[in-house]
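K.L.:
A single structure is presented below for examination.
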Amino acid sequence: MTSQRYGFGLEYVVCVVCSVLLSVGCASYSDKVRSARTALDAGHPRAAVHIFNERLGVESEKELPNDVRGDKVLYVLERSVALQSLSEYQLSSRDLEVADKQVEVLDFTHGTLDDISKFMFSDDSGPYQAPAYEKLMINTLNMINYLVRGDLNGARVEARRLAVMQQFITERDPKHAGVGSTGSYLAGFTFEKSKQPNEALRFYDEALQFTEYGSLAEPVARLSQLDDFKSPRLKALIASGASAQVPADSAELLIIIGYGRVPAKVAERIPIGLALTLASGDLSPYNRGQANRLAAQGLVTWINFPMLPKPRPIMNVPSVLIDQQSIPVDGVVAVDNLAVDAWRETKGKMIASCITRVITRVLAGEVTKRATGGGTLGFLAGLGAQVAMTAADTPDTRSWSTLPARLAVARVRVPPGQHVVDLVVAGERKRETVTLAPGSWGVVNLTVLR
Amino acid sequence: MTSKAPCFTQRPFALLALFACAVLSGTSGCAHHTRAVRGDDEPGLDYAAMSTGLDRRDLQRMLNENMERMRTSAVVQRWSSENRPAVSVLPMKNETSEHIDGPLQALISDVETKLIEWGGVRVISLENQQDLLNQIRRQYSEGFDQTQIAHWGKQIGARYFVTGKVYTTDERVGAQRRVQYYMFMQVIDVETGEILFQNKSAVTKAIVRD
């Protein structure tokens, strides 16, 4: 009776599941943005922006889609950096602000259903969970957008958002706290120019905790005369003997250079034996036993897994010339290494979930075969279930792949008046003429994503 | 016995299959339908919180609370004895972790409207004095210089300034984020720089897990 009750509907359900799974089985995220990455490699950020526009379903970068859910939030993030490299700072700001809110919502909406979905079908079936370094980079890059436009109000909002996120990461995951040192430097600069020395010193202290910034010696010495906040790091920097005196009418220039690109995850097949070794600490004894049994039977030989290639060697050293005078570049932060660290941490878990899904697929195939009474129909149904689930299992290659691999700053005091800034990195040159009033400041940015 | 076997093998799979359909239809993201709607036609549209930013309802609530206090304050009583003194509304300072400069800008007109409705003062708008407005905004941006108030007052011909600032306490713990907004409104005597009225109103916005 029970057999009859389920027997008829089951074949139908198998067909429906297979059809649905096959219909959603699609290219991984890295496949979808490969052409944009190629365009950036070739030095065509405008072409990359067009590709992201297509992915977002909009006519131009001036538009945002009605719905920024799912992977679209990543396309918006990707586009924002390409726009920054094109000096479209206002549009880049808008993209980063929209994505910032959405990344936050995605963080909170991750639920049990997503975990089950990941466990059964595909790592990228759940909402995107941005790693710590990406979250901090949103506010860091947007601070650049505001500072270049001379908008301290906007930069302060981003600095405060960065501080909230830094505190959250410090409390939850202290080893990632150093990720935002460039952000802390820029936040310190923002509050220094807003005439809020206490906040400036606190942010500079955070920046110095993880990166050496020689260019902070003079500002820290000067700000320490206006505020009592001291830390061992700040005291050490002051003791290095930097002068707190600056010519009264001098102006200041801050140069921010982003270059290279973080490695992008790619889907790769690895042998089950290697996968079991890599995920040994993250796999339950039961699943390990199952996987070993299936491997021994020859039912599982490979798993499809997102790999992060080694970062490309960065041979370029940025050159900063102000009025033909070379200025040293300071505190280079390796964002690509942060991406590698973040991936290494989750690698074991990701392989473990891949193995678990493979086991689920094989078992689902076996169950289908038996449920449909074996024979040819059973074999086909079992195979169909496995094929459909394999098609749906796209490795989670989602990441913010247009982030610059390096972020560097250079800072110099200059007399008021007109100055010519020449920046060169990765074969790209930018010349900008800046006019500074006495006591004022200016920020120049060059982002080269190759 | 034979009739029981399918129970153990088929039922879980049938459930698994149905679950697969349910999950995939929920996660594939292919069938979102969007449409434009009008607030009047969608009951509650203006009431739902969409983010931790400030919306019209939050701003109106904080503004009304502050303006109601101001209406009954000593300084407004004083205005009635001063033969319609000139009052100007300065932009509000955004000291929050949200980009709310646009909504704060819109509040200036709301405050001016209230003052006009009360009567007893001449309201001088800064809208037509863009250079001065830019100067004030730059001052806000690069650190406020209190001594500028008298200078601006003379330039505009205002006896009093109404202004304000919005602060936040922004916290994120686990799967929740809470932003507490505090709006301070002030009435400043242009000649002396003295704060004649100050009041605070508060609103909390959050993203919480149900």
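The values are calculated or read from the model by the stated rules, or taken from the named source; none is laboratory data. Because the structure is predicted, anything quoted here is derived from the model rather than measured. For neighbour counting, all protein chains shown are included, and Cβ atoms are generated from backbone atoms with ideal geometry for every residue, glycine included. Note: areas computed on protein heavy atoms with side chains; ligands, DNA, RNA excluded. Shrake-Rupley method; radii C 1.70, N 1.55, O 1.52, S 1.80 Å.
K.L.:
Just wondering, is there one or more residues in the range A:320-337 that are within 23 Å of A:Ala130 (Cα to Cα), in contact with a helix residue (DSSP H, G or I) (Cβ under 8 Å, 6 or more places away or on another chain), open to solvent by 10 Å² or more (accessible area, probe 1.4 Å) and not β-branched (Val, Ile, Thr)?
P.N.:
No, because not a single residue in the range A:320-337 is within 23 Å of A:Ala130 (Cα to Cα), in contact with a helix residue (DSSP H, G or I) (Cβ under 8 Å, 6 or more places away or on another chain), open to solvent by 10 Å² or more (accessible area, probe 1.4 Å) and not β-branched (Val, Ile, Thr).
K.L.:
Working carefully through the options A:Ser284, A:Ser181, A:Ser240, find the one that is more than 14 Å from chain B (Cβ to nearest Cβ), modelled with pLDDT under 95 and surrounded by 19 or more Cβ atoms within 10 Å (Cβ to Cβ).
P.N.:
Of the residues listed, the single one that is more than 14 Å from chain B (Cβ to nearest Cβ), modelled with pLDDT under 95 and surrounded by 19 or more Cβ atoms within 10 Å (Cβ to Cβ) is A:Ser181.
K.L.:
Next question, about the same structure. Tally up the residues in the range A:425-436 that are at pLDDT 95 or above and in contact with a Pro (Cβ under 9 Å, 6 or more places away or on another chain), please.
P.N.:
Number satisfying all stated conditions: 2.
K.L.:
Between a first residue in the range A:156-174 that is facing chain B (nearest Cβ under 8 Å) and a second residue that is of a type in the set (D, E, K, R), which pairs have beta carbons less than 6 Å apart while being 6 or more apart in sequence or on different chains?
P.N.:
A:Val164/B:Asp170; A:Val164/B:Arg172; A:Met165/A:Lys135; A:Phe168/B:Arg172
K.L.:
Which of the residues spanning the range B:116-142 are surrounded by 15 or more Cβ atoms within 10 Å (Cβ to Cβ) and part of a loop (DSSP other than H, G, I, E, B)?
P.N.:
B:Gly120, B:Val121, B:Leu126, B:Gln129, B:Glu142
K.L.:
Taking into account only those residues within the range B:175-190 that are at pLDDT below 90 and in contact with a Lys or Arg (Cβ under 8 Å, 6 or more places away or on another chain), which is nearest to A:Asp107 (Cα to Cα)?
P.N.:
Out of the qualifying residues, it is B:Ala175.
K.L.:
With touching a Phe, Trp or Tyr at 6+ places or on another chain (Cβ under 8 Å), more than 30 Å from A:His44 (Cβ to Cβ), modelled with pLDDT under 80 and of a type in the set (Val, Ile, Thr) as the only criterion, which of A:Thr356, A:Thr368 stands out?
P.N.:
Going through A:Thr356, A:Thr368 in turn, just one is touching a Phe, Trp or Tyr at 6+ places or on another chain (Cβ under 8 Å), more than 30 Å from A:His44 (Cβ to Cβ), modelled with pLDDT under 80 and of a type in the set (Val, Ile, Thr): A:Thr368.
K.L.:
Looking at B:Tyr181, is it within 30 Å of B:Ser51 (Cα to Cα), touching a helix residue (DSSP H, G or I) at 6+ places or on another chain (Cβ under 8 Å), within 14 Å of chain A (Cβ to nearest Cβ) and not in a helix (DSSP H, G or I)?
P.N.:
Taking the combined requirement at face value, the residue satisfies it.
K.L.:
Moving on. Return yes or no: is B:Glu171 open to solvent by 20 Å² or more (accessible area, probe 1.4 Å) and over 18 Å from the mean Cα position of the chain (by Cα)?
P.N.:
Judged against the criteria, B:Glu171 is not a match.
K.L.:
Tally time: how many residues in the range A:69-88 are touching a residue at least 60 places away in the same chain (Cβ under 8 Å), open to solvent by less than 20 Å² (accessible area, probe 1.4 Å) and more than 14 Å from the chain's Cα centre (by Cα)?
P.N.:
1
K.L.:
I'd like to verify a number: residues in the range A:200-210 that are farther than 12 Å from A:Asp227 by Cβ and crowded, with 20+ Cβ neighbours inside 10 Å, how many?
P.N.:
Counting residues in the range A:200-210 that are farther than 12 Å from A:Asp227 by Cβ and crowded, with 20+ Cβ neighbours inside 10 Å gives 4.
K.L.:
Could you give me the residue pairs with C-beta distances under 9 Å whose first residue belongs to the range A:54-68 and is free of Cβ contacts under 8 Å to residues at least 60 places away in the same chain and in a loop (DSSP other than H, G, I, E, B), whose second residue is open to solvent by less than 20 Å² (accessible area, probe 1.4 Å) and among the small types (Gly, Ala, Ser) wherever it lies, and which are 6+ apart or on separate chains?
P.N.:
Matching pairs, first to second residue: A:Glu61/A:Ala82; A:Val68/A:Ala99.
K.L.:
A further question follows. Is it the case that A:Thr394 is modelled with pLDDT of 80 or more and under 27 Å from A:Ala267 (Cβ atoms)? Write out each step before concluding.
P.N.:
Values: modelled with pLDDT of 80 or more: no; under 27 Å from A:Ala267 (Cβ atoms): yes.
So A:Thr394 fails the test.
K.L.:
Condition first: of a type outside the set (A, V, I, L, M), touching a residue at least 60 places away in the same chain (Cβ under 8 Å) and assigned to a strand (DSSP E or B). Now tell me which residues in the range B:152-177 satisfy that.
P.N.:
Passing the criteria: B:Tyr160, B:Phe161, B:Thr163, B:Gly164, B:Lys165, B:Tyr167, B:Thr168, B:Asp170, B:Arg177.
K.L.:
Please note which helices (runs of 4 or more DSSP H) are completely contained in the range A:157-233 and include at least 3 residues that are aliphatic (A, V, I, L, M).
P.N.:
A:197-210, A:217-224
K.L.:
Right, something else. Could you tell me which numbered condition B:Gln77 fails, if it satisfies all but one of (1) in a helix (DSSP H, G or I); (2) polar (S, T, N, Q); (3) within 30 Å of B:Val179 (Cα to Cα); (4) open to solvent by 70 Å² or more (accessible area, probe 1.4 Å)?
P.N.:
The number of the failed condition is (3).
K.L.:
Here is a follow-up. Which of the residues belonging to the range A:304-344 are under 15 Å from A:Lys265 (Cβ atoms), hydrophobic (A, V, I, L, M, F, W, C) and assigned to a strand (DSSP E or B)?
P.N.:
A:Phe305, A:Met307
K.L.:
Looking only at the range A:46-66, count how many residues are open to solvent by less than 50 Å² (accessible area, probe 1.4 Å) and out of contact with any Lys or Arg (no Cβ under 7 Å at 6 or more places or on another chain).
P.N.:
Going residue by residue through the range A:46-66, those that are open to solvent by less than 50 Å² (accessible area, probe 1.4 Å) are A:47-49, A:51-53, A:56, A:58, A:60-61, A:65.
Okay, now just the ones that are also out of contact with any Lys or Arg (no Cβ under 7 Å at 6 or more places or on another chain), so A:47-48, A:51, A:53, A:58, A:60.
Adding up the residues that qualify gives 6.
K.L.:
Criterion first (surrounded by 15 or more Cβ atoms within 10 Å (Cβ to Cβ) and modelled with pLDDT of 95 or more) does A:Leu253 satisfy it?
P.N.:
yes
K.L.:
Could you check the range A:18-45 and list, in sequence order, the residues that are closer than 30 Å to A:Arg361 by Cα, open to solvent by 70 Å² or more (accessible area, probe 1.4 Å) and modelled with pLDDT of 90 or more?
P.N.:
A:Arg34
K.L.:
Can you tell me which residue among B:Glu95, B:Glu68, B:Glu112, B:Glu117 is charged (D, E, K, R), in contact (Cβ under 8 Å) with a residue 12 or more places away in the chain and more than 14 Å from chain A (Cβ to nearest Cβ)? Spell out how you get there, then give the answer.
P.N.:
Working: B:Glu95 fails: more than 14 Å from chain A (Cβ to nearest Cβ); B:Glu68 fails: in contact (Cβ under 8 Å) with a residue 12 or more places away in the chain; B:Glu117 fails: in contact (Cβ under 8 Å) with a residue 12 or more places away in the chain.
Being charged (D, E, K, R), in contact (Cβ under 8 Å) with a residue 12 or more places away in the chain and more than 14 Å from chain A (Cβ to nearest Cβ) holds for just one of B:Glu95, B:Glu68, B:Glu112, B:Glu117, which is B:Glu112.
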